[in-house]
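A.B. asks: Please find one structure pasted underneath; my questions will follow.
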Amino acid sequence: MKNKYSIFSLIKNAFSQHENWKQAWGSPEPKKEYEAVIVGGGGHGLATAYYLAKKHNMKNIAVLEKGWIGGGNTGRNTTIIRSNYLWDASAGLYDHALKIWENLSQELNYNIMFSQRGVMNLAHNLQDVRDLKRRTHANRLNGIDAVWLDTKQVKEFCPIINTSPDIRYPVLGGTLQKRAGTARHDAVAWGYARGADAMGVDIIQNCEVKGIKRNGDQVEGLETTKGFIKTKKIGVVAAGHSSVIANMAGLKLPLESKPLQALVSEPVKPIIDTVVMSNAVHAYVSQSDKGELVIGAGTDAYISYTQRGSHDVVEGTLKAILELYPIFSRMKMLRQWGGIVDICPDASPIISKTNIKGLYFNCGWGTGGFKATPGSGDLFAHTIANNEPHKLNAAFNLNRFVSGDLVDEHGAAAVAH
Amino acid sequence: MFVINCPYCGERDQSEFSCGGEAHIVRPKQPTELSDDEWAEYLFMRKNIKGVQFERWNHAHGCRKWFNMVRDTSNDKIHAVYKMGEKPPVL
């Protein structure tokens, strides 16, 4: 890669007061025609383009982004990465991603700040205990690290948790995946963008797709705000707006788009060195490298594309946070935001071709897509290049809603993702 | 968050309601004769519109009655509320 980042390039640039760093990716105007076009310049879309170029030798490709790269859900999530899913298909998918995460900074020559600080999932009632123990066993059978912790071990691992038996939802134990953790979400988008750009991928920002042109059952190109772009292969990775793009091609998807909120506190000194999630009270918390508490809430219960969400959802989440962590009672929240997540009826993603030739969808990640970014891009690139799914994403086809072979992770996942 | 004018109870906070998704999806008259594709279409496939959408709501923490609503999902503005069985308004 030209302009490789290293200690030497850092020293060299220090002599010119860091004013001469080259742009990490370009801003080209779209060409008339591409071999493949990826719609959506988030982490998943950029990763797809990166692996198409790297592993499948498709260099004449473009990524279209209606805003700026990583400005959608890639920059709005709570950056949690884990692979402790119950079902074999999901475990295979998410652990494939986790294995790529473990070497991604080196591969991209870009520090994505991947931190394997562990993810702990709490159990608050007898059913939680049974479900989480079952999931621990299932994970270990699939080669995924998972351990069961009793209440005392939970307290030892994360001392600020209130493990008193007197609280409304007492902590009866939890599971721990030590390989899980967090990564810097913007860096993931930027790292993949830089890597893809270096291999000749055109990253076109501020370019919104307005229509999909079909000739019979074959796609022919895209109408965009920067004119018509001809292509025989379109990979759509538009997250919450997947249905909007699908409707342009006359296709219906089994998705509902809902706001998912998150919030961060004022920055404080290190207080929590892991990620703690709780399904029953629906709150999760970790601490960013800047010191902010990063808190996740549940989705709003109605379809909306507004990127804000309701106050009562945040209120409910903070109630749970305060009961579990009384030490946070005087923390002030700095920012709150919402992203639009596309949710499948079985809470599992779709990485699939469609019945329209040359049109592929990678969607339905719902509330938990960030953790899968590298794996999702890798498998979607495979699907687009070969017109056939990889064995790891074969179960995540669109046809499962017809055959009934759903990958039902609702409630089976550690938290609602 | 918004306020919903329940056709039975009047204006109440949205948090009292639950959304039942797209409205006017008619249950197949002859379920036994349906193909797998038709079942998938009925059960799972949704328009998921960004813009004006017809949807079902339930006043879950109130009168518990179902009703229909016309709402713009791009800004959460409610255009109309009408009872089950009533004709959808023409906008």
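What follows is calculated from the coordinates using simple rules that are stated; it is not laboratory data. Since the structure is predicted, the reported quantities are computational estimates derived from the model, not experimental observations. Every residue, glycine among them, receives a Cβ derived from its backbone with ideal geometry; neighbour counts consider all protein chains shown.
A.B. asks: Just checking the output field for A:252-264: average partner chain Cβ neighbours within 10 Å of each residue's Cβ?
C.D. replies: So the per-residue partner count for this stretch is 3.
A.B. asks: Let me ask something else about it. Place +1 on the Cβ of every Lys and Arg and -1 on the Cβ of every Asp and Glu in segment B:3-83, take the dipole about the Cα centre, and give the residue among B:P31, B:L43, B:V70 whose Cα lies farthest towards its positive end.
C.D. replies: Checking the options against the dipole of segment B:3-83, the answer is B:V70.
A.B. asks: Which order do A:E65, B:E33, A:E409 fall in if you start with the one that has the fewest other Cβ atoms within 10 Å?
C.D. replies: Ascending number of Cβ neighbours within 10 Å: B:E33, A:E409, A:E65.
A.B. asks: Note down the magnitude of the dipole of the protein assembly as shown about its Cα centre, charges +1 on Lys and Arg C-beta and -1 on Asp and Glu C-beta and zero elsewhere, to the nearest 20 debye.
C.D. replies: The dipole of the protein assembly as shown has a size of about 720 debye.
A.B. asks: About the Cα centre, and with charges only on the beta carbon of Lys, Arg (+1) and Asp, Glu (-1), how big is the dipole of segment A:303-417? Nearest 20 debye, please.
C.D. replies: Approximately 400 debye in magnitude.
A.B. asks: Taking Cα centroids, how far is segment A:298-356 from segment A:380-403 in Å?
C.D. replies: Each part's Cα centre sits 28 Å from the other's.
A.B. asks: Now for a different question. In the Gaussian network model of chain A, springs joining C-alpha atoms below 10 Å, which of A:L253, A:L98, A:L126 carries the largest mean-square fluctuation?
C.D. replies: The residue with the greatest mean-square fluctuation here is A:L126.
A.B. asks: Something else about it: Can you pull the mean other chain C-beta count within 10 Å for peptide B:49-56?
C.D. replies: 3
A.B. asks: Loop-only GluC sites (Glu not before Pro) in segment A:8-59, please: DSSP not H, G, I, E or B, and at most 12 other Cβ atoms within 10 Å.
C.D. replies: Sites meeting the loop and neighbour criteria: A:E19.
A.B. asks: I've got another one for you. Most fluctuating residue of A:L392, A:L359, A:L322 in a GNM of chain A with Cα springs under 10 Å: which is it?
C.D. replies: The residue with the greatest mean-square fluctuation here is A:L322.
A.B. asks: Please work out the C-alpha center-to-center distance from segment A:239-256 to segment A:1-44 and express it in whole Å.
C.D. replies: 31 Å
A.B. asks: Under the definition of Cα pairs under 8 Å and six or more residues apart, what whole-number percent is the relative contact order of segment B:3-83?
C.D. replies: Answer for segment B:3-83 is 31 percent.
A.B. asks: Hand me the tally of lysine pairs in segment A:129-225: alpha carbons under 23 angstrom apart, and the pair either on different chains or 8 or more positions apart.
C.D. replies: Summing the qualifying lysine pairs gives 5.
A.B. asks: Please state the charge dipole magnitude for segment B:3-83, taken about the Cα centre, from unit charges on C-beta atoms (+1 on K and R, -1 on D and E), reported in debye and rounded to the nearest 20.
C.D. replies: Dipole about the Cα centre, nearest 20: 340 debye.
A.B. asks: Something else now. Once phi is turned into θ = phi - 60°, what whole-Hz ³J(HN,Hα) does the Karplus curve with 6.51, -1.76 and 1.60 give for every residue of segment A:355-370, x standing for Gly and Pro?
C.D. replies: After applying 6.51 cos²θ - 1.76 cosθ + 1.60, I find 7, 9, 5, x, 10, 10, 10, 10, 7, x, 6, x, 8, x, x, 4 Hz.
A.B. asks: Could you point to the residue in A:L10, A:I38, A:I212 farthest towards the positive end of chain A's charge dipole, with +1 and -1 charges on the Cβ of Lys/Arg and Asp/Glu respectively?
C.D. replies: Toward the positive end, the furthest listed residue is A:L10.
A.B. asks: Below 25 Å, Cα to Cα, which lysines can B:K29 reach? Residues fewer than 8 away in the same chain don't count.
C.D. replies: Candidates past the 8-residue exclusion: A:K252, B:K47, B:K65, B:K83, B:K87.
A.B. asks: Over 18 Å between Cα atoms: which of A:K226/A:K258; A:K32/A:K55; A:K59/A:K230; A:K99/A:K258; A:K66/A:K353 fall into that group?
C.D. replies: Pairs exceeding the cut-off: A:K226/A:K258; A:K32/A:K55; A:K99/A:K258; A:K66/A:K353.
A.B. asks: Which FRET efficiency value, to the nearest 0.05, do you get for A:H410 and A:K32 by plugging their Cβ-Cβ distance into 1/(1 + (r/R0)^6) with R0 = 51 Å?
C.D. replies: It comes out at approximately 0.70.
A.B. asks: Cα convex hull of chain B: mean projected area in nm², to one decimal?
C.D. replies: 6.7 nm²
A.B. asks: Using a Gaussian network model on chain A with a 10 Å cutoff between Cα atoms, which of A:P159, A:P374, A:P30 fluctuates the most?
C.D. replies: Of the options given, A:P159 has the highest mean-square fluctuation.
A.B. asks: Express in nm, to one decimal, how much length is gained between A:Y5 and A:E156 on full extension, taking 0.36 nm for each residue of separation and deducting their alpha carbon distance.
C.D. replies: Value of the extension gain: 50.4 nm.
A.B. asks: At a 10 Å Cβ-Cβ cut-off, how would you order B:M84, A:M333, fewest neighbours first?
C.D. replies: Lowest to highest Cβ neighbour count: B:M84, A:M333.
A.B. asks: Test of understanding: ordering A:S243, A:S16, A:S376 by Cβ neighbours within 10 Å, fewest first, what list do you get?
C.D. replies: Lowest count first: A:S16, A:S243, A:S376.
A.B. asks: Considering only the other residues whose Cβ falls under 15 Å of the Cβ of A:E220, what net charge follows from Lys and Arg at +1 and Asp and Glu at -1?
C.D. replies: +4
A.B. asks: If you don't mind, another one. Lys and Arg at +1, Asp and Glu at -1: add these up for the other residues within a Cβ distance under 12 Å of A:D312 and post the number.
C.D. replies: That works out to -3.
A.B. asks: If contacts are Cα pairs under 8 angstrom and at least 6 residues apart, what is the relative contact order of segment A:1-153 in percent?
C.D. replies: Reported as a whole number, the value is 17 percent.
A.B. asks: For a quick check: with amide H placed at 1.01 Å from N, whose amide H comes under 5 Å from A:A283's, ignoring anything fewer than 5 positions away on the same chain?
C.D. replies: For A:A283, the qualifying residues are A:S278.
A.B. asks: While we're on this one: Restricting to the protein assembly as shown, what percent of DSSP beta bridges are antiparallel, rounded to 5?
C.D. replies: Of the beta bridges lying entirely in the protein assembly as shown, close to 80 percent run antiparallel.
A.B. asks: Note down the relative contact order for segment A:267-307 as a percent, whole number, built from C-alpha pairs under 8 angstrom at least six residues apart.
C.D. replies: Relative contact order here is 32 percent.
A.B. asks: Taking the dipole about the Cα centre of segment A:260-417, with the C-beta of Lys and Arg at +1 and of Asp and Glu at -1, give me whichever of A:G358, A:F401, A:M277 is farthest to the positive side.
C.D. replies: Selected residue: A:G358.
A.B. asks: Once the other residues with Cβ under 12 Å from the Cβ of A:Y360 are scored (Lys, Arg +1; Asp, Glu -1), what is the net sum?
C.D. replies: +3
A.B. asks: Can you compute the helix-only [θ] at 222 nm over chain A? Use -39500 (n - 2.57) per DSSP H run of at least 4 residues, normalise by all residues, nearest 500 deg cm²/dmol.
C.D. replies: -8500 deg cm²/dmol
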